[in-house]
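Below: one structure, written as structure tokens.
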Amino acid sequence: MTIASAIVQRFLADLPNSAGAADAAAVARALEATLSRARSAWPGIDVAPEAFFAFVARRIDEGSDLIEALGRLRAEDLYLACGCVQGDLSALQIFDREVLALVDGALHGMRLGSDEIAELKQAIRHDLFVGREGENPRIEAYGGRGRLAGWLRVSAVRRGLNQLRKDKRLRPLGDAALEEVARSEGDVELHHIKGMYREDFKAAFSEALSSLGARHCNVLRHHYVDGLTTVQIGAIYRVHQSTASRWIKAATRALLHRTREGLMQRLELDPDGCDSLMQLLHSQLDITISRYLKNGQEGGS
């Protein structure tokens with residue numbers, strides 16, 4: 001279909017002020033392609049182009065290249081989400097069948113009862129598309145860059161953990177590899193999150209660590225395994241303490257960034273969902289780095 005110029009102009013007006021400028025004709029073609037992908041995935045859902053493009057515009061980051069940003073978005077998931085917000089019956093039925101049903105396994109794995117899971121899913125559905133009193137629908141937090149199902153799964157697990165904590169039924173998973181972790185309430189949540197995503201995190205973290213350069217890997221080993229101070233590390237490399245400190249921070253940032261990218265790819269999460277997971281994992285970063293380096297993980301060239 002051909003997108004009317006008035007719709008294109010409305011879309012451009014809905015964008016963040018600093019979104020990259022683009023030729024109107026190129027924007028129209030990109031919007032046509034986005035809508036085509038979305039409708040091809042869900043032909044039974046009927047959402048007005050204006051409503052869909054307004055929904056999409058809120059997912060364009062400030063300062064981004066507009067055409068590239070449109071190409072990166074998961075148009076089919078955004079179209080489904082937008083249809084649910086608009087109250088389209090087909091969209092709501094598809095969401096329950098194709099997306100919400102996928103959280104069942106995760107919630108059953110937390111030993112929640114069937115009635116509890118049904119109540120949680122109903123609450124998730126309401127919060128997503130209606131919103132709690134005084135709050136926007138939760139779906140507004142979905143950025144459209146990862147799979148909707150993956151993003152929802154993280155949210156559902158957090159709600160399940162909250163329910164278990166509320167009922168004082170939260171228990172550690174008993175993973176021997178995590179026994180070093182202190183048993184504070186927050187760490188119990190970490191046990192469960194790592195239990196759900198343990199293998200994905202291990203693979204992403206291992207790949208990230210192995211991709212580091214030799215110096216980055218070595219300074220991390222000196223700091224986290226050998227327990228050396230920045231003064232001592234500086235002496236080894238004949239640099240000032242502040243330089244050693246910068247190296248450690250840079251290596252840590254690189255490790256976190258690459259782990260995050262690996263998790264996003266493996267779990268098909270959008271940045272917001274992945275950041276929520278990384279925040280939990282970050283609290284045990286010292287232990288995790290130490291364990292991997294002690295087990296002989298080596299850096300790259």
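The values are calculated or read from the model by the stated rules, or taken from the named source; none is laboratory data. Quick caveat: nothing in here was measured; it's all calculated off a predicted structure. Glycine also receives a Cβ, built like all others from the backbone with ideal geometry; neighbour counts cover every protein chain displayed.
Summary of values
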read-out	value
Flag if Ala251 is within 22 Å of Leu161 (Cβ to Cβ) and either modelled with pLDDT of 75 or more or not aromatic (Phe, Trp, Tyr) (or both)	no
Those residues of the stretch 73-94 which are part of a helix (DSSP H, G or I) and more than 17 Å from Ala141 (Cα to Cα), in sequence order	Leu89, Ser90, Ala91, Leu92, Gln93, Ile94
Evaluation of Ala38 against (1) over 20 Å from Tyr142 (Cβ atoms); (2) surrounded by 19 or more Cβ atoms within 10 Å (Cβ to Cβ) (one fails), failing number	(1)
The listed residue being among the charged types (D, E, K, R), at pLDDT below 85 and surrounded by fewer than 14 Cβ atoms within 10 Å (Cβ to Cβ), out of Arg145, Arg153, Arg183	Arg183
Condition met for Leu66 (without any contact (Cβ under 8 Å) to a residue 60 or more places away in the chain and surrounded by 18 or more Cβ atoms within 10 Å (Cβ to Cβ))	yes
Selected residue [within 16 Å of the chain's Cα centre (by Cα) and not basic (Lys, Arg)] from Gly113, Gly134, Gly143, Gly105	Gly143
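Every residue, every condition in (1) without any contact (Cβ under 8 Å) to a residue 12 or more places away in the chain; (2) assigned by TED's automatic domain parsing to the domain that holds Arg37; (3) more than 27 Å from Pro43 (Cβ to Cβ); (4) hydroxyl-bearing (Ser, Thr, Tyr), yes or no:
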{"site": "Leu78", "(1), (2), (3), (4)": "no, yes, no, no"}
{"site": "Arg97", "(1), (2), (3), (4)": "yes, no, no, no"}
{"site": "Gly105", "(1), (2), (3), (4)": "yes, no, yes, no"}
{"site": "His108", "(1), (2), (3), (4)": "yes, no, yes, no"}
{"site": "Ser114", "(1), (2), (3), (4)": "yes, no, yes, yes"}
{"site": "Ile117", "(1), (2), (3), (4)": "no, no, yes, no"}
{"site": "Leu120", "(1), (2), (3), (4)": "no, no, yes, no"}
{"site": "Arg125", "(1), (2), (3), (4)": "no, no, no, no"}
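Listed here are the residues, each with its yes/no results for (1) more than 28 Å from the chain's Cα centre (by Cα); (2) modelled with pLDDT under 85; (3) among the aromatic types (Phe, Trp, Tyr).
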{"site": "Glu207", "(1), (2), (3)": "no, no, no"}
{"site": "Thr230", "(1), (2), (3)": "yes, no, no"}
{"site": "Ser245", "(1), (2), (3)": "yes, no, no"}
{"site": "Arg258", "(1), (2), (3)": "no, no, no"}
{"site": "Ile289", "(1), (2), (3)": "no, yes, no"}
